[in-house]
Every structure is written in C-alpha cells, then in structure tokens.
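To start, the structure itself, in structure tokens.
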Amino acid sequence: MAREQLAVLNALDAAKTQWYHFTAIVIAGMGFFTDAYDLFCISLVTKLLGRIYYHVDGAPKPGTLPPNVAAAVNGVALVGTLVGQLFFGWLGDKMGRKKVYGLTLILMVVSSIASGLSFGSSAKGVIATLCFFRFWLGFGIGGDYPLSATIMSEYANKKTRGAFIAAVFAMQGFGILGGGIVGLIVSAAFDHAYKAPAYSVDAAASTVPQADYVWRIILMFGAIPAALTYYWRMKMPETARFTALVAKKAKQAAADMSKVLNMDLEAEEDKVIKISTDRKNSFGLFSREFLKRHGLHLLGTTTTWFLLDIAFYSQNLFQKDIFTAIGWIPKAASMNAIHEVYKIARAQTLIALCSTVPGYWFTVALIDIMGRFAIQLMGFFFMTVFMFALAIPYHHWTLEPNRIGFVIMYSLTFFFANFGPNATTFVVPAEIFPARLRSTCHGISAAAGKAGAIVGAFGFLYAAQSTDPAKTDAGYPPGIGVRYSLIMLGVINFFGMLFTLLVPESKGKSLEELTGENGDENDEKQIQMDPSRTVPI
C-alpha cells in the first residue's frame, strides 16, 4: 500500500464483506430496479396507446402511434436521462453523493405517478403530458447512474468491489423482469374482467374504455420501489472518499466510517491536507494533466458505453416488433387491445427470466475473478457473433419451425450483453477516475451511453421497417428491414470490442492506486501502463 494512503480508506479497502455492504447494495439497487422498470415498461404499452388514441375507423389494422409520436414516447425519457446523468454527475462531485441522492429519488417517485395521471382533452394533449413527465422521470433516473455507482465503489472493499457495483446494476434485470410481471398481472386481470373481441371481429369493441387504466397503472407502479427506499438513502452517511479527499474533512470521514465499520479510526488531518495540496491531486476535468492521465480512459468508457447502448436499447425497446416480425407474437388484428399487452409482456418476461437476469448475475459472480476487461471483450464478441448468426440466415429464422431457435439465439445476445459490456461499462467508470471527478466522469460515460440509446431508440424504429412500402407501419417510410438492422447492430458490437482496448483493468486495486491519489511516486507510471495487460492505456 502506498505510503500516503489514509487509514480510513485502508480500512474500507481491507474490510471483510459485512452487513453494511449488503445494505448499500439493496438501497442503491432498488433505485436501479426502478430505473429499469420505468425506462422499459413503456415498450409494454406503446401498442396500447396507439389503439386507444390513434384508432382509425375502418382501418384493416389497429391504430398505431405515428412515427414522430412513437419516437417521442420511447425516446423522451432517454433524453431526460442523458441530461440528468451530466447534471447530477457534476453535482455529486460538487455537493457530495448523499446530498443529491435523495433528490433523484423524489423526482423518480413524483414523475412516475404523474406519468400515469397524464391528462388532456385530446390524444395530442395526453401524449404531450406523458412526454413531459417522462422527461423529468428520465432526469431523475439519470442522476441515479453516477451516484449509485460512485457510492458503491467508494463503500466497497477492493477484493469484491466489482461484484458489489455489478450487483447494484444487476437490479436493472429485476426491474425489466418486474415490468413484464406487472404488465402480465394487470393485463390478465383487465382482460378477464372486460371481455372484448379481436380487432378483426369488431374493431371498435376490441378496445374497451377500461383499457385506458391499464397503461396508467403499469407506469405508476414504478413509484413504489423507489418510495420504499427513500428513508434508508437519507440515513446513509456520506462516503469517506468524498468527505476526506474532496471535502477535506478528516474528522468527519473517520467518525462516519467508525460507525459503519464498528472500529475506531484516527482522523489524519495532516495526511488529508498533504494529499489535497499535492499538485497531482488538483488538476481539473478540462486540463492537460487530465487529458494525459485519463484522456484515453474517458474515451474508452464513453465509446464502449455508446456503442453498447445502441444495440442494447434497440433490442429491449423494440423486441416486441422483432417478435411480431418473426410471428412469435400474433398479428395485432387477431387480438383485442388488452390481450396484446399480455402477449408483449409475456415475451418480455420470458426473455428477462431466461437470459437478461442470469447474465447480470454471471457478471456479479465472475467479475472479480475474470476481470472487467475479459468480460467486456467476451460479451462484445459473442453479441457480434449472435447478431450475425440471426441476421445472415434471417429468412430461415422467420419460418415457423425455426422461430423458437430465433428466440433462443436472440436471448443469448441479451445474456452476453449483461454477462459482458452492459455491466462492465457501468462498473469501470466508477473505479478509474479521481474522487473529485469520479461522479462527473461516470455521468459523462453514462450520458454517452444514453446518446447511444437515443440513436438505437430513434434509428431502429425507422431502420427496421420493411423495404416494401406496402408492409411498413402506418406513417413510416420504407427502411432497411430487420435483417440489415441486425447486421448493423453486429457491426456496432464489433467496434465495441475494438474500443474496449482503451479501458484499463481495475480488478484487485484500491481506487487510490488506480487514480494516483495516495501520494505514491510510482502512481503516474502505473496509470500510464497497466502491468497486467500488454495494451498501452
């Protein structure tokens, strides 16, 4: 251990796994459960919104959201998330992680409820109100990314830090699964209580008036898990790394962590002053020193997250369209409005249960054994392979006997996204940047990811349309089709592999070793070249 490392940080790095670690995982993790639930539950109800608010009498197909409306409904929360990641990431480094943490949760609770209460005297009014509240929902969700990751990394010991941060992020899988289950329960209950014929039998009667409650209940349910954890978030002490290294309050850091670790810790004010006045520990984000020491790291974390999220959000938000294209979900006209929600929710739940959730927990189990670099490279590689395996013989998979095979292959791309870059891109930025810039840099990396998600959400919607104008959804121009869209996603994943080479391995090292904040003269060399890898970083 470097000679200037603070005893309180040594104690955190060496601490055995204990109850406060699990408490922190649950408190931060429930935020991520809510994040994923709120971001992805919209995909369950977009078809229903089209039927309710954009029904056209005499049309052969049920009403669908016009292209610009669908893009807004799917993408506005992602735009809010991007802005929230940048704003709250910066604020977390300025004001402290804990002070900002409760604010993001309040925003999420209020906006979830308000989304379900969206009002208006016309279809445009309801959708505009929904988009307004989903932007602010996304804004709150955005703050949760850098704050949760930073808090967990600064609380964890260095031996199992990767698993703890990944466990927080893994709650996202349960959020996606939870969205599917809530969708199943609500739609099944309403479908049973209010019988309706299929659209092809009686178009007007296929959407019962009570269907308007279904999407509202599904959206509002996201407020419950967030509200339940507010009290516990407010009880968490500020992280010792912020208190000591950023706020420069040695006594407060020692007192807070003494309670958490159940041990007496000395307040080393002289060391805090020495570390904080060291020139190496005072450079800013827009300085040459940052560019020299962490420029390539930030390029690596932003590009890999950007590329990953183009593929990941395309798959998640539009899996219903892909499953409809291969015939796994029946044609819309053969179902009533509420039963269609049930079928979409069932597909999402099965994918989440069989591939999304297990993928996250494989990462939790193996990230501190295999390392971040190996898992990320492997994940991108297999995502590329499976995308091409789906896309090149795409016609083969659309034939009825082969549809189950398509679903299995498609599920494997989700599995290796989560046992791969979807988890590691979240973990690494919380470890490799200095404490005073950690939340900001994680926010920038996460915002780059959301920019990719926006490209995926808006671009895939248009790109996946059929090349035949007669087969496109109402209002959409012809696209390149699902096959070529999947080929594009495969190419994007391949580039993700290449940019992973810029990301350093952080397994088994203290945060201060990685960032050079412990005053060791060899730190600068260590940052420039990671001895565990042959690739310059």
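Per-structure values
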item	result
Folded to 0 to 90 degrees: helix 357-370 orientation relative to the chain principal axis, Cα	20 degrees
Alpha-carbon centroids, segment 133-174 and segment 27-86: separation in whole Å	23 Å
Computed over segment 328-423, Kirkwood Rh from alpha-carbon pairs, angstrom	14.7 Å
Expected-Rg normalisation [2.2 N^0.38 Å, Cα atoms] applied to segment 169-225	1.37
Translational diffusion of the chain, µm² s⁻¹ [Kirkwood Rh, Cα pairs; Stokes-Einstein; 10 °C; 1.306 mPa s]	67 µm²/s
Mean separation of Cα contacts under 8 Å (6+ apart) over length of the chain, as relative contact order %	24 percent
Surface accessible to a 1.4 Å probe, Thr515 within the full protein complex, Å²	0 Å²
Separation in nanometres of the label points that stand 7 Å from Cα toward Cβ, at Ser282 and Ser466	6.7 nm
Largest to smallest accessible area among Ile369, Ile52, Ile42 [probe 1.4 Å]	Ile369, Ile52, Ile42
Leading residue at positive end of dipole, the chain (Cβ point charges), from Met263, Ser206, Leu147	Ser206
Segment 120-190: mean projected area of Cα convex hull, nm²	6.6 nm²
Net charge contributed by nearby residues that have their C-beta within less than 11 Å of Leu219 (K/R +1, D/E -1)	+1
Between segment 210-251 and segment 445-466, the alpha-carbon center distance in angstrom	27 Å
Segment 32-185: Rg to Rh, with Rh as the Kirkwood radius over Cα pairs	1.06
Percent carbon-and-sulfur accessible area, segment 1-138, ignoring ligands, DNA and RNA, probe 1.4 Å	72 percent
Heavy-atom surface of the chain, accessible at 1.4 Å and reported per residue (Å²)	37 Å²
Global form of segment 176-267, assessed from the alpha-carbon gyration tensor, a/c cut-off 1.5	prolate
Segment 425-503 - percent of accessible surface contributed by carbon and sulfur, probe 1.4 Å	75 percent
Linear extension gain, Ala14 paired with Asp264, 0.36 nm per residue minus alpha-carbon span	88.5 nm
Theoretical FRET efficiency, 1/(1+(r/R0)^6), r = Cβ-Cβ of Leu399 and Ser200, R0 25 Å, to 0.05	0.55
Proximal lysines relative to Lys61, as straight alpha-carbon distance under 26 Å, when same-chain residues fewer than 8 apart are discounted	Lys47, Lys124, Lys195, Lys320, Lys331, Lys343, Lys471
Ser122 versus Cys354: modelled label distance in nm, points set 7 Å from Cα along the beta carbon direction	4.5 nm
Over 26 Å between alpha carbons, listed pairs Lys158/Lys259; Lys16/Lys235; Lys450/Lys509	Lys450/Lys509
Ile480 versus His192: modelled label distance in nm, points set 7 Å from Cα along the beta carbon direction	4.6 nm
Within segment 438-521, GluC sites (Glu not before Pro) in DSSP loop having at most 11 other beta-carbon neighbours inside 10 Å	Glu521
Magnitude of the charge dipole, the chain, Cβ model with Lys/Arg +1 and Asp/Glu -1, debye to 20	300 debye
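The values are calculated or read from the model by the stated rules, or taken from the named source; none is laboratory data. Remember, it's a predicted structure, so these values are computed and weren't measured experimentally. All Cβ positions, glycine included, derive from the backbone under ideal geometry; neighbour counts span all protein chains shown. Surface areas here come from the heavy atoms of the whole protein model, side chains and all, with no ligands, DNA or RNA. Shrake-Rupley method; radii C 1.70, N 1.55, O 1.52, S 1.80 Å.
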